[in-house]
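Beneath this line is the structure, given in structure tokens, with notes to follow.
Derivation of every value follows stated rules applied to the coordinates shown; laboratory data play no part. None of the values given here were measured: they were computed from a predicted structure. Glycine gets a Cβ as well: all are built from the backbone with ideal geometry, and neighbour counts include every protein chain shown.
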Amino acid sequence: MNDETILARARAAGLAVDWVDVMGQQQRVRPESLRRLLEALPDPSEHKGLPPLLTTDLEACTELAGLGLSRDTSAELALEDGTVLPFVLQADKPSVPPISLPGYHRLRFRDREFVLAVAPRRCVTLRDIGGGQRMWGVAAQVYGLRRPGDGGIGDAGAVRELAGVAARQGADAVALSPVHCLFAADPGRCAPYSPSSRVFLNPLYADPSATFSEARIAAHRPQGVEVLEGQKLIDWRAAGAAKFSLLRGLFEDFLAHDLVPGSELARDFERFVREGGQALLEHALFEALHAERPCAWTDWPAGWRQPSDHTAVRYHLFLQWLTDRSFAAAHQAARSAGMRIGLISDLAIGMDCAGSHAWARQSDLLLDLSIGAPPDGFNPRGQDWGLTGFSPGSLIACGFEPFLATVRAALRHAGGVRVDHVMGLMRLWLIPRGAAPVEGAYLNYPLDDLLRLLALESHRHGAVVIGEDLGTLPPGFRERLQGVGIAGIDVLWFERNGLGFKQPSHWRSEAVATTTTHDLPTVAGWWTGEDIRTRRALGLAAPGDGEEREKDRERLWRAFVESGTAHPPRPTDDEPEAVVDGALAYGAQSPSPLMLAPIEDLLGLVEQPNLPGTIDEHPNWRRRLAAPASELFATSNVERRGKLIGGCRR
């Protein structure tokens with residue numbers, strides 16, 4: 001193919017041939033890069049005609065382009081409430097009349113049937129939930145929480161306990177790190193944003209006490225697990241092996257004593273498996289096969305590379321059931337304690353191409369392309385996150401079923417969801433497998449459809465949607481999210497006015513406010529310079545960062561004093577307590593309908609959960625909090641900070 005043919009085919013496939021970089025400069029993707037990308041994309045001609053699911057807005061007329069009707073045709077709409085509405089499709093301009101009932105309705109004519117997803121104009125918003133009051137919540141890494149008997153890894157039981165004590169302080173939400181399933185056969189693969197599947201849960205977060213008695217649990221608890229529970233850093237392989245040993249014992253006990261006629265647990269288990277359907281069975285089968293051959297599924301024997309019947313899957317069905325019950329109990333406890341939102345789940349941007357989704361549903365994904373980011377000021381060579389994502393053409397062709405399954409899983413036991421890298425609803429920077437990030441390009445996604453489906457699922461679950469909208473975004477994208485009721489995220493470190501820091505009153509009124517994220521320094525770590533010292537030790541520091549930080553300390557403290565959240569004199573660099581207080585109060589003063597306080601800042605910790613750019617060089621995703629979750633608000637500092645935030649919010 002010559003260059004012009006490649007450019008034309010790329011545009012037809014949804015690739016952005018031209019794009020604007022972080023400096024505002026126009027860029028064009030090299031034809032050779034586009035050729036490699038096109039080789040990894042499905043042929044657009046494979047998906048012709050009207051797709052099986054169409055989206056539209058409430059009370060809007062829906063045009064059906066491309067039907068090719070030769071004459072006016074009788075049709076009907078079968079609404080979810082049982083109402084059937086007959087109408088006529090005009091041959092010259094076929095359309096569906098406005099519908100006033102949101103839902104997934106059936107459009108029928110001749111011998112054809114389609115789903116028409118009619119969505120509210122906006123998601124359920126934080127202001128809808130808060131009734132005009134400004135709420136606050138706690139953000140926590142699930143694995144880092146403690147509770148007696150957790151086996152060395154935080155779990156849904158610790159989440160339940162944290163929700164209880166936070167609710168008593170007036171908090172309305174607990175925002176969690178992702179709880180997607182990873183790889184049961186390899187507990188050392190612990191990065192929560194690199195899941196095997198986003199539809200199923202991580203069994204290491206199961207809380208057996210939500211289902212079984214303490215006596216039964218104690219009978220299967222491995223010896224020596226107390227040592228693992230006392231460690232400051234999680235030993236994922238050892239603690240994972242111990243947790244799975246406990247779960248295996250409980251499973252065998254369950255088979256022996258609970259799977260009997262009339263057993264309430266047996267009925268619940270069978271209902272769960274039945275409702276999980278083929279997707280759940282395929283995931284359990286993958287886990288069973290991966291336990292036998294713990295290597296990439298692409299290296300398995302040919303007969304294993306596609307789903308097939310297999311009997312050794314019930315254990316993994318049991319693990320998903322137990323974990324599902326655990327998070328159901330945690331969310332119910334949060335709501336029963338008075339939280340207006342309860343748990344907020346976290347939806348990763350993609351999946352590991354060696355995981356269960358990629359194995360079971362290969363046509364859903366772009367397995368030869370990796371999600372990343374183009375070069376920018378922080379990463380001059382760009383980023384490759386090693387994740388795979390949905391094929392937009394396949395999404396449309398299968399009625400968005402994989403996307404809907406993912407969203408419904410995220411909202412199953414939650415009052416809200418944080419969508420990581422929310423720009424992925426519009427476009428993703430995709431890189432040919434093995435190529436450098438700079439060789440990638442943006443691929444467009446059906447944004448209108450995805451936003452409508454999010455709004456519809458938001459209302460069906462009574463849940464809010466929060467989009468992680470940090471970094472460089474296309475013009476107007478934030479406004480588009482705001483228009484459909486998706487809250488953005490304002491982070492203290494990025495809320496700048498030139499070199500200085502914006503006053504809280506200038507933060508967005510339709511975004512969640514927070515001091516930091518899992519990938520950024522804690523307030524105490526930033527103030528003391530611990531993050532800079534850590535990066536220097538790893539060879540990741542930028543020249544002059546220490547000098548610039550000292551200027552920023554002065555700017556931040558001045559902003560705190562001007563806002564009234566701190567008072568002179570300025571603390572020294574090794575005295576972060578007043579700065580942490582000031583930062584939390586500063587974010588709480590914002591007009592945001594929800595302020596999230598990271599538990600690391602409530603505790604005044606200096607270490608951040610994850611240091612981007614490192615893997616094994618730094619203890620990412622391993623740090624545990626010192627006190628049990630049930631006692632985190634018992635210390636004077638945390639209790640004071642909780643009251644400080646609550647006072648500012650009121």
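So how far apart, in nm, are the two label points at R533 and R408 if each is 7 Å from Cα heading toward Cβ?
5.1
Count charges around Q133 for me, please; just the other residues with Cβ under 15 Å from its Cβ, Lys/Arg as +1, Asp/Glu as -1.
Numbers: positive: R127, R134, R340, R649, R650; negative: D128, D172.
Taking every other residue near Q133 into account, the sum is +3.
Which of the lysines could a cross-linker span from K643 if the Cα-Cα distance has to be under 26 Å and same-chain partners fewer than 8 positions apart are dropped?
Partners within reach: K502.
Tell me the GluC sites (Glu not before Pro) within segment 56-87 that lie in a loop according to DSSP and have at most 14 other beta-carbon atoms within 10 Å.
Numbers: sites: E59, E63, E76, E80; in loops: E59, E80.
The qualifying sites are E59, E80.
Find how much the distance from R293 to E548 grows on full extension, using 0.36 nm per residue of separation minus their present alpha carbon separation; answer in nm with one decimal.
Details: separation 255, 0.36 × 255 = 91.80 nm, distance 5.06 nm.
Value of the extension gain: 86.7 nm.
Using modelled backbone amide H atoms (1.01 Å from N, in-plane), which distant-in-sequence or interchain residues come within less than 5 Å of G342's amide H?
The list, which skips near neighbours in sequence, is A173, V174.
Can you compute the label reach from A266? Point 7 Å from Cα along the Cβ direction, backbone N cut-off under 13 Å, restricted to segment 236-258.
254-258
May I ask for the Kirkwood hydrodynamic radius of the chain, worked out over all distinct Cα pairs and given in angstroms to one decimal? Before the final figure, lay out the partial values.
Details: mean 1/r = 0.0379 Å⁻¹.
Roughly 26.4 Å, rounded to one decimal.
As a test of the formula, what do you get for the chain when each DSSP H run with n ≥ 4 contributes -39,500 (n - 2.57) and the sum is divided by the residue count, at 222 nm and rounded to the nearest 500 deg cm²/dmol?
Numbers: 20 runs with 231 residues, N = 650.
Calculated from helices alone, the mean residue ellipticity at 222 nm is -11000 deg cm²/dmol.
Could you give the length gained on full extension between Q27 and E4, defined as 0.36 nm per residue of separation minus the Cα-Cα distance, in nm?
Extra length from Q27 to E4 when fully extended: 6.6 nm.
How many angstrom lie between the C-alpha centres of segment 503-572 and segment 449-497?
That distance is 25 Å.
Report Rg(Cα)/(2.2 N^0.38 Å) for segment 333-436, keeping two decimals.
Working: Rg = 16.1 Å, N = 104, 2.2 N^0.38 = 12.8 Å.
Normalised Rg, Cα atoms only: 1.25.
Using the beta-carbon distance between S563 and S245 and R0 = 35 Å, what value does 1/(1 + (r/R0)^6) give for FRET efficiency, to the nearest 0.05?
On the way: r = 52 Å, r/R0 = 1.49.
E between S563 and S245, to the nearest 0.05, is 0.10.
Please report the spacing between the Cα centers of segment 50-88 and segment 201-241 in Å, no decimals.
Going from one Cα centre to the other spans 53 Å.
What is the spin-label model distance, in nm, from L233 to E575 if the labels are put 7 Å beyond Cα along the C-beta direction?
Result for the modelled spin labels: 3.2 nm.
Count the DSSP beta bridges whose two residues both fall in the chain, then state the antiparallel fraction as a percent rounded to the nearest 5. Provide the component values of the computation, followed by the final result.
Working: 41 of 75 bridges.
Bridges in the chain are about 55 percent antiparallel.
What number do you get for segment 444-583 when its Cα radius of gyration is normalised by 2.2 N^0.38 Å, N = residues?
On the way: Rg = 18.3 Å, N = 140, 2.2 N^0.38 = 14.4 Å.
Cα Rg divided by the expected 2.2 N^0.38 Å: 1.27.
What are the residues whose amide H is under 5 Å from the amide H of S370, where those residues sit 5 or more places off or on another chain and H is modelled from the backbone?
Result for S370 returns I431, R433.
May I have the extent of the alpha carbons of segment 59-119 along their three principal axes, as whole Å values ordered from largest to smallest?
The Cα atoms of segment 59-119 stretch 32, 22, 15 Å along the principal axes, largest first.
Over 10 Å intervals from 0, what percent of Cα-Cα pairs in segment 208-340 sits in each interval?
Here the calculated profile for segment 208-340 is 10, 32, 35, 20, 3, 0.
Setting aside same-chain residues fewer than 8 positions from K232, which lysines have a Cα under 24 Å from its Cα?
Once the sequence-local lysines are set aside, what remains near K232 is K243.
Can you give me the distance in nm between label points at A302 and Q278, each placed 7 Å from the Cα along the Cα-to-Cβ direction?
According to this spin-label approximation, the distance is 2.3 nm.
Over segment 440-483, what lengths in whole Å, largest first, do the semi-axes of the equivalent ellipsoid take, defined as the square roots of 5 times the eigenvalues of the alpha-carbon gyration tensor?
On the way: eigenvalues 96, 35, 18 Å².
One finds semi-axes of 22, 13, 9 Å for segment 440-483.
Hey, for a label at A65 modelled as a point 7 Å past Cα toward Cβ, could you say which residues of segment 91-129 have their backbone N under 15 Å away?
Within reach of a label on A65: 93-96.
Taking segment 520-650, how much of its Cα-Cα pair set, in percent, is spaced more than 23 angstrom apart?
Working: 3200 of 8515 pairs.
Every Cα pair in segment 520-650 considered, those over 23 Å come to 38 percent.
Which semi-axis lengths, in whole Å and largest first, follow from the square roots of five times the eigenvalues of the Cα gyration tensor of segment 513-596?
Values: eigenvalues 110, 51, 20 Å².
After scaling each eigenvalue by five and taking roots: 23, 16, 10 Å.
If we count other beta carbons within 10 Å of each Cβ, what is the order of I486, I371, I349, fewest first? Please report the intermediate quantities before stating the final value.
On the way: I486 26, I371 23, I349 18.
Least crowded to most crowded, the residues run I349, I371, I486.
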